[in-house]
Amino acid sequence: MASFATEPPPASPNAKSRRRAGAFIAAFVLFQFLAPLSYLGREDASDERFTWRRFTRSDEVACETSAWVERADGERRDIALESTIHQQWVDYVQRDRRAVVDAFLQKQCEAPGVLRVELVNHCDDARGTREYSLRCAEDRSATIRTATR
Amino acid sequence: MRSLERYWFGDVALARPYLALRFVLALLAFDTWLNMIPEGAKYGVGSFNVAHFPWFEGFVPSSGFYVGVLSFTGVLALSQALYRPHRIAIVLIAAGYTLGWSCSLLDSVAYHYLLSLYLVCFVFFPMLSARSAFSRSGEAPRGSAWAYVLFCVTTATVYFYVAAWSAAEGQSYWLPMLCCAAYLVATMQDRTELPALRSAIPLLGVAPVVFHLATPSQDWLSIYTIGIALIVFAPMAPLHQLGTWLTRPARNLADEPSTGGIDERASRLFYASLLGLIVAPMVSMFIDLPGVKTGCTLTAIAMLLVMGRQLYLTPRWRPVWRVASLMGGCLALWITMTASDAQFDYYQRGALDADRRGDHDTAVELREKALRHAP
């Protein structure tokens with residue numbers, strides 16, 4: 001049989017609960033204020049995550065990208081980005097999204113016999129031309145990367 | 001009580017946290033199914049991935065993983081919106097949803113991060129039943145709900161930064177700044193003694209509505225924000241009336257008090273609940289997407305975890321309603337997937353990408369599946 005009784009509202013928090021809640025509130029609000037400010041210290045200005053700078057996708061113009069690998073036998077082979085990774089990753093690379101460019105270069109280094117990976121982004125705006133180079137060391141950890149305008 | 005303490009722990013109309021939680025959870029369920037799952041085919045392509053956070057380094061989520069996580073999150077979210085939510089379930093929803101978007105930069109929709117912040121707030125919301133949030137006497141129940149205040153302050157923080165970045169770029173910033181101020185004072189409207197403030201706060205709710213109608217945004221952000229604004233700023237009386245009307249079925253559900261011990265009828269309900277937990281995820285067999293079956297099965301396991309002792313202890317009907325809410329979530333997922341273009345979009349986008357990459361065998365296979373679900 002159905003019960004129509006109205007349940008009491010939840011009890012008001014006691015002093016101990018309030019102190020705990022207060023500490024959580026302070027930490028949570030502080031985190032929310034600091035997270036967007038991290039943008040000011042970001043190396044990659046196109047990385048606008050967690051900043052509330054815009055609610056729409058970035059309308060930044062894509063750059064023209066070319067990439068190639070240098071193999072141990074001296075052969076230089078072009079990489080067709082579109083046939084290697086999903087188009088959305090290609091878009092990130094063409095917009096010079098640093099984390100994705102770095103990961104892409106690292107990924108190419110995983111192939112056997114690759115000595116060096118190069119990627120160049122030619123942009124028709126203030127970003128100019130950026131070159132990325134990754135030397136694939138034997139242990140995959142000692143790498144050199146340069147980014148130039 | 002000091003003013004800061006009064007701000008965070010002062011009374012609010014319980015209808016607000018009740019409706020805000022249900023509204024966001026229900027919308028989140030359909031958002032994950034209709035907007036996120038169709039994007040799932042691009043996950044795992046080329047074994048390449050970059051996550052939002054470094055702790056996912058080296059992890060390449062497959063499309064099955066992504067769709068499974070979202071099915072799990074959506075079904076659990078809708079089940080919690082349908083029947084009285086449980087804190088463990090909200091923790092699992094927050095974890096699942098955050099895992100869903102944060103495991104890859106392929107999902108860089110700004111408001112998904114905001115929803116994760118909301119879900120963290122929801123974990124600390126009072127877990128209200130319809131009967132405790134809406135009285136039949138007409139007087140709206142009030143109580144302390146600091147997490148609801150935090151929810152409003154979280155929203156205010158977003159508008160603050162929208163205004164700040166606009167100001168930094170030399171653009172107009174007064175409207176988002178007004179939204180920020182509105183959300184900061186909104187929680188005071190149910191306890192303020194000042195009639196002027198009580199009348200002014202609902203009017204301030206127009207600011208976020210206008211802002212989101214005028215500002216283009218991704219996906220369903222406007223629906224979330226306008227819905228939340230209506231719940232947060234609406235005057236108490238009409239909101240309580242609306243809530244009372246909406247929750248009439250929930251308030252009339254049978255819920256016998258505990259009599260102690262387990263009798264024959266309690267055993268029957270126990271076995272019925274167990275059977276329901278097994279049957280509910282089977283609905284996912286009719287959904288032709290990778291990961292959905294696993295996601296729905298995990299939802300049933302999560303529900304078992306949520307119910308815990310409730311499964312064999314009284315109030316006896318509560319496990320039945322919980323299992324019914326899970327069944328409702330699974331059925332809603334199935335109906336949504338079959339009635340919408342979600343499955344078609346998933347396979348069609350996958351086929352287009354496979355074609356572009358020169359993987360024609362995969363493209364043909366995906367296109368055949370897409371045709372099966374063509375609108």
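Go through (1) free of Cβ contacts under 8 Å to residues at least 40 places away in the same chain; (2) within 12 Å of the chain's Cα centre (by Cα) for B:Leu70 and report which single condition fails.
(1)
Output yes when any residue across the range A:34-43 is within 30 Å of B:Asp219 (Cβ to Cβ), touching a helix residue (DSSP H, G or I) at 6+ places or on another chain (Cβ under 8 Å), at pLDDT below 90 and open to solvent by 50 Å² or more (accessible area, probe 1.4 Å), and no when none is.
Looking for residues that are within 30 Å of B:Asp219 (Cβ to Cβ), touching a helix residue (DSSP H, G or I) at 6+ places or on another chain (Cβ under 8 Å), at pLDDT below 90 and open to solvent by 50 Å² or more (accessible area, probe 1.4 Å), one finds at least one in the range A:34-43, hence yes.
Results for (1) in contact with a Ser or Thr (Cβ under 6 Å, 6 or more places away or on another chain); (2) in contact (Cβ under 8 Å) with a residue 12 or more places away in the chain; (3) surrounded by 24 or more Cβ atoms within 10 Å (Cβ to Cβ), shown as yes or no for each residue.
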position	(1), (2), (3)
B:Phe23	no, yes, no
B:Asn35	no, yes, no
B:Ala41	yes, yes, yes
B:Val50	no, yes, no
B:Gly58	no, no, no
B:Phe65	no, yes, no
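Does the range A:68-84 contain any residue that is closer than 30 Å to B:Ile223 by Cα and either outside any helix (DSSP H, G or I) or modelled with pLDDT of 90 or more (or both)? Break it down into steps so the answer makes sense when it comes.
Keep residues of the range A:68-84 that are closer than 30 Å to B:Ile223 by Cα, which gives none.
Scanning the range A:68-84 turns up no residue that is closer than 30 Å to B:Ile223 by Cα and either outside any helix (DSSP H, G or I) or modelled with pLDDT of 90 or more (or both).
Is it the case that the range A:64-74 has a residue that's out of contact with any Ser or Thr (no Cβ under 9 Å at 6 or more places or on another chain), free of Cβ contacts under 8 Å to residues at least 12 places away in the same chain, basic (Lys, Arg) and more than 14 Å from chain B (Cβ to nearest Cβ)?
Taking every residue of the range A:64-74 in turn, none turns out to be out of contact with any Ser or Thr (no Cβ under 9 Å at 6 or more places or on another chain), free of Cβ contacts under 8 Å to residues at least 12 places away in the same chain, basic (Lys, Arg) and more than 14 Å from chain B (Cβ to nearest Cβ).
Enumerate the pairs (first residue in the range B:241-262 and more than 8 Å from every other protein chain (Cβ to nearest Cβ) and within 12 Å of B:Ala133 (Cα to Cα); second residue anywhere and surrounded by fewer than 13 Cβ atoms within 10 Å (Cβ to Cβ) and modelled with pLDDT of 55 or more) with beta-carbon separation below 9 Å, excluding pairs fewer than 6 apart on the same chain, so at least 6 apart or on different chains.
Pairs found: B:Gln241/B:Gly138; B:Thr244/B:Arg136; B:Thr244/B:Gly138.
Determine whether the range B:347-368 contains at least one residue that is assigned to a helix (DSSP H, G or I), open to solvent by 30 Å² or more (accessible area, probe 1.4 Å) and small (Gly, Ala, Ser).
Looking only at the range B:347-368, we keep the residues that are assigned to a helix (DSSP H, G or I), and these are B:347-356, B:360-368.
Adding the requirement that they be open to solvent by 30 Å² or more (accessible area, probe 1.4 Å) leaves B:348-349, B:352, B:355-356, B:360-362, B:364-368.
If we keep only those that are small (Gly, Ala, Ser) as well, we get none.
No; the residues of the range B:347-368 include none that is assigned to a helix (DSSP H, G or I), open to solvent by 30 Å² or more (accessible area, probe 1.4 Å) and small (Gly, Ala, Ser).
What are the residue pairs meeting all of these: first residue in the range A:111-132, first residue in the same structural domain as A:Asp78 (by TED's automatic domain parsing) and among the β-branched types (Val, Ile, Thr), second residue part of a strand (DSSP E or B) and open to solvent by less than 20 Å² (accessible area, probe 1.4 Å), Cβ atoms under 6 Å, and 6 or more apart or on different chains?
A:Val114/A:Val69; A:Val117/A:Val69; A:Val117/A:Leu134
In the range A:75-90, how many residues are open to solvent by 50 Å² or more (accessible area, probe 1.4 Å), more than 7 Å from chain B (Cβ to nearest Cβ) and out of contact with any strand residue (DSSP E or B) (no Cβ under 7 Å at 6 or more places or on another chain)? Step through it out loud before you land on a result.
Here is the first cut: in the range A:75-90, the ones open to solvent by 50 Å² or more (accessible area, probe 1.4 Å) are A:75-78, A:80, A:82-83, A:87.
Subsequent filtering for residues that are more than 7 Å from chain B (Cβ to nearest Cβ) retains A:75-78, A:80.
This time we only want the ones that are out of contact with any strand residue (DSSP E or B) (no Cβ under 7 Å at 6 or more places or on another chain), so: A:75, A:80.
Of the residues in that region, 2 qualify.
Quick check on my filter: what residues within the range A:97-117 are part of a loop (DSSP other than H, G, I, E, B) and within 14 Å of chain B (Cβ to nearest Cβ)?
We begin by selecting, within the range A:97-117, every residue part of a loop (DSSP other than H, G, I, E, B); these are A:97, A:110-113.
Passing the criteria: A:Arg97, A:Glu110, A:Ala111.
Check B:Ala196, B:Ala250, B:Ala182, B:Ala237 and return the single one that is open to solvent by less than 10 Å² (accessible area, probe 1.4 Å), of a type outside the set (Phe, Trp, Tyr) and part of a helix (DSSP H, G or I). Before the answer, list the steps.
Values: B:Ala196 fails: open to solvent by less than 10 Å² (accessible area, probe 1.4 Å); B:Ala250 fails: open to solvent by less than 10 Å² (accessible area, probe 1.4 Å); B:Ala237 fails: open to solvent by less than 10 Å² (accessible area, probe 1.4 Å).
Step by step, each of B:Ala196, B:Ala250, B:Ala182, B:Ala237 is checked, and only B:Ala182 is open to solvent by less than 10 Å² (accessible area, probe 1.4 Å), of a type outside the set (Phe, Trp, Tyr) and part of a helix (DSSP H, G or I).
For B:Ala229, only one of the following conditions fails: (1) within 17 Å of B:Val12 (Cα to Cα); (2) surrounded by fewer than 21 Cβ atoms within 10 Å (Cβ to Cβ); (3) not polar (S, T, N, Q). What is its number?
With respect to (1) within 17 Å of B:Val12 (Cα to Cα); (2) surrounded by fewer than 21 Cβ atoms within 10 Å (Cβ to Cβ); (3) not polar (S, T, N, Q), B:Ala229 is out only on (2).
State the number of residues belonging to the range B:134-160 that are more than 8 Å from chain A (Cβ to nearest Cβ), part of a helix (DSSP H, G or I) and open to solvent by 10 Å² or more (accessible area, probe 1.4 Å).
Selection size over the range B:134-160: 1.
Look at the range B:78-93 and say how many of its residues are open to solvent by 10 Å² or more (accessible area, probe 1.4 Å) and touching a helix residue (DSSP H, G or I) at 6+ places or on another chain (Cβ under 7 Å). Let's see the steps before the verdict.
Within the range B:78-93, the first condition is being open to solvent by 10 Å² or more (accessible area, probe 1.4 Å), and the residues that meet it are B:78, B:81-84, B:86-88, B:91-92.
With touching a helix residue (DSSP H, G or I) at 6+ places or on another chain (Cβ under 7 Å) added as a condition, the list becomes B:78, B:81-83, B:86-88, B:91-92.
Counting residues in the range B:78-93 that are open to solvent by 10 Å² or more (accessible area, probe 1.4 Å) and touching a helix residue (DSSP H, G or I) at 6+ places or on another chain (Cβ under 7 Å) gives 9.
Which of (1) outside any helix (DSSP H, G or I); (2) without any contact (Cβ under 8 Å) to a residue 40 or more places away in the chain; (3) within 10 Å of another protein chain (Cβ to nearest Cβ) is the odd one out, the single condition B:Ala164 does not satisfy?
So the condition that B:Ala164 fails would be (1).
The values are calculated or read from the model by the stated rules, or taken from the named source; none is laboratory data. Source: prediction; values computed, not measured. Cβ: placed from backbone, ideal geometry, glycine included. Neighbour counts: every protein chain shown. Each accessible area value is taken on the protein alone, full model and side chains, heavy atoms only, with ligands, DNA and RNA left out. Shrake-Rupley method; radii C 1.70, N 1.55, O 1.52, S 1.80 Å.
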